[in-house]
Amino acid sequence: MAAIVASETAPDLRFHLVESDQRKSTFLRTAARELSLNVTVHSERIETLAPLSADIISARALAPLNMLLGYAARHLSTGGSCLFLKGQMHEAEIETAREHWRFDCDSQVSRTDPDARLLLVSHLHHA
């Protein structure tokens, strides 16, 4: 979705999509090509992908926050941020993640679920 919006408002932005399921990767490549999006699709697991040095990382329904931060730390550029959608257990996930990571976290209430949150994570460092 962000790549579609960016194609009109910020066409120089580059997106890297990581999807290990080949069928889903094929769909993403087809959609990106047909919509002329500035997208590269990586058909592999995030754990095996070479570091991307990304300014922003986003994930949905991938893993608990503690694991997500481990994946993100490897791929974030210096000063990069993360946007993670989390459900009703977001507070417990943040607390667990703080046992292993140091980070700032801004939490916004989801527009579609009052118990869910959009987490903006920045200044990520291993504890």
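The values are calculated or read from the model by the stated rules, or taken from the named source; none is laboratory data. Just so it is clear, the structure is predicted and the values come from calculations on it, not from any experiment. As a convention, Cβ positions derive from the backbone with ideal geometry for all residues, glycine included, and neighbour counts pool all protein chains shown.
Out of 62, 69, which single residue is at pLDDT below 95 and either assigned by TED's automatic domain parsing to the domain that holds residue 107 or in a strand (DSSP E or B) (or both)?
Within the list 62, 69, the selection yields 62.
State all residues of the stretch 46-67 that are under 13 Å from the mean Cα position of the chain (by Cα) and under 27 Å from residue 12 (Cα atoms); if no residue qualifies, say none.
Across the stretch 46-67, the qualifying residues are 46, 52, 53, 54, 55, 56, 57, 58, 59, 60.
Considering only the stretch 47-54, I want to know if a residue exists there that is aliphatic (A, V, I, L, M), assigned by TED's automatic domain parsing to the domain that holds residue 124, loosely packed, with under 14 Cβ neighbours inside 10 Å and closer than 23 Å to residue 117 by Cβ.
no
Would you point out which residue out of 34, 95, 47, 91 is within 21 Å of residue 4 (Cα to Cα) and of a type in the set (Asp, Glu)? Quick ask: steps written out before the conclusion?
Numbers: 95 fails: within 21 Å of residue 4 (Cα to Cα); 47 fails: within 21 Å of residue 4 (Cα to Cα); 91 fails: within 21 Å of residue 4 (Cα to Cα).
When all the criteria are applied, what remains is 34.
So for the stretch 89-97 (the condition being in contact (Cβ under 8 Å) with a residue 40 or more places away in the chain and not polar (S, T, N, Q)), does at least one residue qualify? Can you show your working first?
Start the filter on the stretch 89-97 by keeping residues that are in contact (Cβ under 8 Å) with a residue 40 or more places away in the chain, which leaves none.
Scanning the stretch 89-97 turns up no residue that is in contact (Cβ under 8 Å) with a residue 40 or more places away in the chain and not polar (S, T, N, Q).
Kindly indicate which of 78, 48, 40, 30 is among the polar types (S, T, N, Q), in a strand (DSSP E or B) and free of Cβ contacts under 8 Å to residues at least 24 places away in the same chain.
Criteria check complete, one pass: 78.
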